[in-house]
Amino acid sequence: MANHITETEAEQLTTPAVKKLPVKRLAIFFLLLTGSGLGLIIYKAGGTGFVFTALEKLAQSPGYIALIVCVLCAEWLSDYLRYRVLARHLKVEFPFRFGIQIVFAHLFFSYLTPGGTFGAPIIIYMMHKKGIRLSRAIALALIKAFLTFFVMLASGCVIFMFSDFSFSPATRQIMGLSVGVVAVLTAGVASIIFFPTFAQRVIDRCFDSLRGWVRAYTKKEDTPRIDKSQSGLHATIQSFALFGKAGWLGVFEGILTTVLNLGLFVFLSVVLLQALGFQASWAKMWLYSYIYFFLIAFAPTPGASGLAEGGGYFFFQTIGSPQLVSSYVVLWRVLSCYLVMLIGATMFLRFLRKAHLGELSQLRHYDEEETTEEQEEAQTQDDSHAEENPEKTDTVTEEDMNTETPPPNAEVSPQPT
């Protein structure tokens, strides 16, 4: 079974998925849900005057405005740093500009699709278009999601178990279910990273069973689609194993940058609450901000649209007046979602235009490095095979006779002049 799929097969896997994505329908769905959530807030607040009041209050505090801008930019850069750290351990290189494009395109499609389901595929698509091997792109996208789940799982368990916050029964059920799902996904990806051989054996057994069922049902011996999928999974597992070779240092760096990114995201909410004048302690603002982020992260609607607006309005009622809560929810969604989606859509459309016109610069040095690594691995395997079978090294073929340096223990007859 081949370990790598061809470029043509990679195009067949990535390009159709992007073309078939109903972007317009998802955008309309997102706007409808967001509009309904904002409409509820405006209705409860008695008009839109709270927005102008909040903006006037922020205008009187230029220090808070500067801090909000700095934290927002630092949060974006920390997300880029996550990609750089993972790419370095996967031996993938890309320029800073392309990394920023990935950050915003990933956020745009994560907010546009329910549960952020198309965030990782868009990373894979863009990296493959830049010339990065498909298996490495898949590994980077999935490992980034795995580290996010892991950090949220660990922090959610701590808050869920040791916080004195009075959760409602519905909130406890949602958080408990979310933690359970994240735990299963985390364990699955961790087993692939640290035990790639075992994971590959399990996958091979599953594919063998599937192949046998298909052959019995279709009465055909050839299963090209199953073989292609199995080859792609083999290559992806090898890329996961490459990250696992970095050891605990790679995992630690990945977790550290993830904590930094999520911490800045929550800190932005804390700064905004403080700037708007919420009368609560910093610890309580941190707790409310994190629980709010944790709940909307697993919302079933695109970008938590509707639920983030309406749910945030009722969630923060205990620490602020309806006008303050309304202004916070609107400004928070503008900074954390609407602005990011606008930037991400613009960058992705420019990237898509360049890809359509063939103006994307390919990372050709990466392919050369990849080929060199594969040759070294193949040479290492040949040497180990020769050591295990020393009796076969005495056999000299006609090609060996024509080489300048014959193998040891071989008797080479002189060439006729």
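Overview of results
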{"item": "Number of the condition not met by Gly277 [criteria: (1) under 21 Å from Val158 (Cβ atoms); (2) modelled with pLDDT of 85 or more]", "result": "(1)"}
{"item": "Leu295, sole failed condition from (1) under 25 Å from Pro169 (Cβ atoms); (2) at pLDDT 85 or above; (3) out of contact with any Phe, Trp or Tyr (no Cβ under 6 Å at 6 or more places or on another chain); (4) not aromatic (Phe, Trp, Tyr)", "result": "(2)"}
{"item": "Thr223, sole failed condition from (1) surrounded by fewer than 17 Cβ atoms within 10 Å (Cβ to Cβ); (2) more than 30 Å from Ser336 (Cβ to Cβ); (3) among the hydroxyl-bearing types (Ser, Thr, Tyr)", "result": "(1)"}
{"item": "Residue ID - farthest from the chain's Cα centre (by Cα), chosen from residues in the range 105-144 that are of a type in the set (Lys, Arg) and part of a helix (DSSP H, G or I)", "result": "Lys129"}
{"item": "Of all residues making up the range 78-102, the number that are closer than 21 Å to Thr346 by Cβ, at pLDDT 90 or above and in contact with a helix residue (DSSP H, G or I) (Cβ under 9 Å, 6 or more places away or on another chain)", "result": "9"}
{"item": "Filter result (over 20 Å from Val330 (Cα atoms), surrounded by 15 or more Cβ atoms within 10 Å (Cβ to Cβ) and among the small types (Gly, Ala, Ser)) within the range 54-84", "result": "Ala74, Ser78"}
{"item": "Conditions (1) touching a residue at least 40 places away in the same chain (Cβ under 8 Å); (2) within 14 Å of the chain's Cα centre (by Cα); number of the one not met by Ile102", "result": "(1)"}
{"item": "Failed criterion for Pro169 (all others in (1) at pLDDT 80 or above; (2) over 30 Å from Leu147 (Cβ atoms) hold)", "result": "(1)"}
{"item": "From Phe243, Phe252, residue being within 22 Å of the chain's Cα centre (by Cα) and at pLDDT 85 or above", "result": "Phe252"}
{"item": "Qualifying positions in the range 295-335 - surrounded by fewer than 21 Cβ atoms within 10 Å (Cβ to Cβ) and under 27 Å from the mean Cα position of the chain (by Cα)", "result": "Leu295, Ala297, Phe298, Ala299, Pro300, Thr301, Leu307, Gly311, Leu331, Val334, Leu335"}
{"item": "All helices (runs of 4 or more DSSP H) inside the range 294-358 with 3 or more residues being basic (Lys, Arg)", "result": "339-357"}
{"item": "Any chance Val340 is of a type in the set (A, V, I, L, M, F, W, C), crowded, with 18+ Cβ neighbours inside 10 Å and either under 26 Å from the mean Cα position of the chain (by Cα) or modelled with pLDDT under 90 (or both)", "result": "yes"}
{"item": "Unique residue being loosely packed, with under 15 Cβ neighbours inside 10 Å, among the aliphatic types (A, V, I, L, M) and at pLDDT 80 or above when the list is Ala216, Ala199", "result": "Ala216"}
{"item": "Test for Glu75: is it acidic (Asp, Glu) and closer than 17 Å to Gln274 by Cβ", "result": "yes"}
{"item": "Residues of the range 246-285 that turn out to be outside any helix (DSSP H, G or I) and either of a type in the set (Phe, Trp, Tyr) or in contact with a Pro (Cβ under 6 Å, 6 or more places away or on another chain) (or both), as a count", "result": "1"}
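The values are calculated or read from the model by the stated rules, or taken from the named source; none is laboratory data. Values in this document were obtained by computation on a predicted structure and should not be read as measured data. Cβ atoms come from the backbone with ideal geometry, glycine included; neighbour counts cover every protein chain shown.
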